[in-house]
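Peer 1: First the structure, which I've put down as structure tokens, then a few questions once you've had a look.
The values are calculated or read from the model by the stated rules, or taken from the named source; none is laboratory data. Bear in mind the structure is a predicted one, so any value in this text is a computation, not a measurement. Here the Cβ positions follow ideal geometry from the backbone for every residue, glycine too, while neighbour counts run over all protein chains shown. Each accessible area value is taken on the protein alone, full model and side chains, heavy atoms only, with ligands, DNA and RNA left out. Shrake-Rupley method; radii C 1.70, N 1.55, O 1.52, S 1.80 Å.
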Amino acid sequence: MAAETTINQVFRNRVARYGDRLAVEKKRNGRWEQASWTEYYDRSRNAGLGLHALGVSRGDRVALLSENRLEWLYSDMGALGIGASLVPLYPTLVADEVGHIVQDSGAKVFIVENRAQLDKALDAREMCPDLQKIVVIQDDAERFEHPDVLSFEDLMTLGRGQGREGEALFETFSSSVGPDDLATIVYTSGTTGVPKGAMITHGNIMSVLRSLDRIEPRYAFDSDQTVPFLPLSHVFERVAGHFYGMYVGITASYAENVETLLHDIQEKRPTLILAVPRVCEKVYQRIMMQVKEQPAWRQKVFYWGHDIGARISRLKEEQKSIPLFLGLRYRIAYALIFKKLKEALGGRVRWMTASGAPTAPEIIRFFNAAGIVVVEGYGMTECTAPATMSNLAHYRIGTVGKALPGVEIRLDDDGEILVRGGNVFRGYWNMEAETRDAFTEDGFLRTGDMGILSDEGFLRIVDRKKDLIITSGGKNISPQKI
């Protein structure tokens, strides 16, 4: 098989490989809506051909404003399939922010989730001359009176209406897309507050997927299952979650919402979880609060086991053997304490991420002692999500791991982290000056983050460059440490 160079090729190949096996599902109103790989592709094709019928062509932009749902995925893969690029927006954005992004990106079609998001779109429409149609996913309210507004089902009907000729047309569109074609524009405020559209190509995405797949031991297999809950509008969930999951061939069961997350996890028993530090912190804090309510002797047993687990975790981190007597005590501690944590997360989780902010070492060691490796990483939208990741077997707690295969990391003279590789974005949409300023003369991305690199290549994040305090003696001090 020829090397895959676009996410479109990945999608077609996985559909051919897995067919009727469950690909994605989303819990809504207490029940799971499901799609096999074949159904996923068929619905994405209908969405893509519907967009084409509305005038979207290769190189055009489609904006999307919605919470996680299957229609989000169909819209994404449908737009990519006809050579367009998707512009995801956070559902929490206000009308002015929505208007600026849709106007700046020049989106032709705007897909929104419900009546509340439709109101934002209609408020912003006057400032968006390129916007031709608005598609509303939820069609359970009153019908739309605006002539340029249609339902998602109307969009799918347009796609289905092209029949067998349409199927061949979608294949032609999908196959014509190359690695240099724009896949998405992700708007990020950065540190300036001015939204900037990061241009990410199919090649950028594929570079990340290939890098993740080259790391040993492997992160994932096609027998794995995950319960995503982070927003698809964020580049981390979309690339490291959705696209990497597709690349590997895992099943994704999207949680109903954050409130039902623990129940959904216990029901689906995932093997991998993509999370942020706050999730780990909340689980740990809940356990510690429950411990404080226990009798003194139970608390003493817990802290004894907690200490044993921390020692085991340190030995694993240092890749040292575990003494026999310590190992026997750990078995007891695991049965009394750590097994309960793993069971609370379904009982099968091998690892979970904690990216985006620092995580306290004691929390990481607690999870590690339960047999759940906490994977730390570092990246930014301009790096197509991850630039570094912890290895499942070789890691240093308190660092964000080593550079992904094929990614170069170096520190500038002042300690700023610089990144170069196939994962680094093309530049900012309609911002030539900002794009030039984002790179060094030899093509490294200026991240704006300060770091420390160990001799082994482990990266430690210090602070944001603009946050550093420079004393009268010329010393840089990190406010985070203060």
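Peer 1: Looking at region 2-30, which of its residues are of a type in the set (D, E, K, R) and assigned to a loop (DSSP other than H, G, I, E, B)?
Peer 2: 4, 20, 21
Peer 1: Quick check on region 127-136. Is at least one of its residues assigned to a helix (DSSP H, G or I), more than 27 Å from residue 254 (Cα to Cα) and open to solvent by less than 10 Å² (accessible area, probe 1.4 Å)?
Peer 2: no
Peer 1: Pull out all pairs, ordered by first then second residue, where Cβ-Cβ is under 8 Å, the residues are six or more apart or on different chains, the first lies in region 1-27 and is within 27 Å of residue 255 (Cβ to Cβ) and open to solvent by 20 Å² or more (accessible area, probe 1.4 Å), and the second is assigned to a strand (DSSP E or B) and among the hydrophobic types (A, V, I, L, M, F, W, C).
Peer 2: Hits for this filter: 22/35.
Peer 1: Are there any pairs with C-beta distances below 6 angstrom linking a residue in region 67-88 that is assigned to a strand (DSSP E or B) to a residue that is open to solvent by 10 Å² or more (accessible area, probe 1.4 Å), with the two at least 6 apart or on different chains, and if so which?
Peer 2: Close Cβ pairs satisfying both conditions: 85/61; 85/182; 87/61.
Peer 1: Among the helices (runs of 4 or more DSSP H) confined wholly to region 161-274, which include 3 or more residues that are over 15 Å from the mean Cα position of the chain (by Cα) and surrounded by fewer than 21 Cβ atoms within 10 Å (Cβ to Cβ)?
Peer 2: 163-176, 202-214, 261-268
Peer 1: Please determine whether any residue of region 317-332 is open to solvent by less than 30 Å² (accessible area, probe 1.4 Å) and touching a residue at least 40 places away in the same chain (Cβ under 8 Å).
Peer 2: yes
Peer 1: Which of (1) touching a residue at least 40 places away in the same chain (Cβ under 8 Å); (2) farther than 22 Å from residue 211 by Cα does residue 456 not meet, given it meets every other one?
Peer 2: Tallying (1) touching a residue at least 40 places away in the same chain (Cβ under 8 Å); (2) farther than 22 Å from residue 211 by Cα, residue 456 fails exactly one: (2).
Peer 1: Mind counting the residues in region 401-427 that are touching a Lys or Arg at 6+ places or on another chain (Cβ under 7 Å) and open to solvent by 20 Å² or more (accessible area, probe 1.4 Å)?
Peer 2: Here the count works out to 2.
Peer 1: Among the residues of region 69-85 satisfying the criterion of being under 15 Å from the mean Cα position of the chain (by Cα) and of a type in the set (A, V, I, L, M, F, W, C), which is farthest from residue 11 (Cα to Cα)?
Peer 2: Among them, the one singled out is 72.
Peer 1: Still on this structure, I have one more. For region 275-294, how many residues meet the condition of being over 20 Å from the mean Cα position of the chain (by Cα) and open to solvent by less than 60 Å² (accessible area, probe 1.4 Å)?
Peer 2: 5
Peer 1: Using beta carbons and a limit of 7 Å, which pairs, at least six apart or on different chains, have the first residue in region 278-296 and more than 16 Å from residue 230 (Cβ to Cβ) and the second one modelled with pLDDT of 90 or more and open to solvent by 40 Å² or more (accessible area, probe 1.4 Å)?
Peer 2: 291/299
Peer 1: Search region 238-260 for residues that are among the polar types (S, T, N, Q) and pair each with any residue that is open to solvent by 40 Å² or more (accessible area, probe 1.4 Å) and not in a helix (DSSP H, G or I) when their beta-carbon atoms are under 7 Å apart and the residues are at least 6 apart or on different chains.
Peer 2: Short answer, once both residue conditions are applied: 251/22.
Peer 1: Can you tell me which residue within region 428-438, out of those that are surrounded by fewer than 16 Cβ atoms within 10 Å (Cβ to Cβ) and not small (Gly, Ala, Ser), is farthest from residue 106 (Cα to Cα)?
Peer 2: Looking at the filtered set, the residue picked out is 437.
Peer 1: Can you give me the number of residues within region 454-476 that are modelled with pLDDT under 50 and outside any loop (DSSP other than H, G, I, E, B)?
Peer 2: Matching residues across region 454-476 total 2.
Peer 1: Mind checking whether some residue in region 173-193 is farther than 29 Å from residue 428 by Cβ and either without any contact (Cβ under 8 Å) to a residue 24 or more places away in the chain or aromatic (Phe, Trp, Tyr) (or both)?
Peer 2: There is no residue in region 173-193 that is farther than 29 Å from residue 428 by Cβ and either without any contact (Cβ under 8 Å) to a residue 24 or more places away in the chain or aromatic (Phe, Trp, Tyr) (or both).
Peer 1: So in region 334-352, with the set limited to residues that are closer than 23 Å to residue 398 by Cβ and at pLDDT 95 or above, which one is most open to solvent (accessible area, probe 1.4 Å)?
Peer 2: Only one residue fits best here, namely 350.
Peer 1: Out of 406, 451, 422, 443, report the one residue that is touching a strand residue (DSSP E or B) at 6+ places or on another chain (Cβ under 7 Å), in a loop (DSSP other than H, G, I, E, B) and modelled with pLDDT of 95 or more.
Peer 2: Selected residue: 443, the only one of 406, 451, 422, 443 that is touching a strand residue (DSSP E or B) at 6+ places or on another chain (Cβ under 7 Å), in a loop (DSSP other than H, G, I, E, B) and modelled with pLDDT of 95 or more.
Peer 1: For region 44-68, what are the residues that are polar (S, T, N, Q) and either over 16 Å from residue 158 (Cα atoms) or open to solvent by 20 Å² or more (accessible area, probe 1.4 Å) (or both)?
Peer 2: Result: 46, 57, 66, 68.
Peer 1: Now a separate question. Kindly list the number of the only condition in (1) under 24 Å from residue 198 (Cα atoms); (2) open to solvent by less than 30 Å² (accessible area, probe 1.4 Å); (3) hydroxyl-bearing (Ser, Thr, Tyr) that fails for residue 41.
Peer 2: Checking residue 41 against (1) under 24 Å from residue 198 (Cα atoms); (2) open to solvent by less than 30 Å² (accessible area, probe 1.4 Å); (3) hydroxyl-bearing (Ser, Thr, Tyr), the one that fails is (1).
Peer 1: Let me ask another. Being in a strand (DSSP E or B) and either among the aromatic types (Phe, Trp, Tyr) or out of contact with any Ser or Thr (no Cβ under 6 Å at 6 or more places or on another chain) (or both) is the filter here, so list the residues in region 347-379 that pass it.
Peer 2: 351, 352, 353, 373, 374, 378, 379
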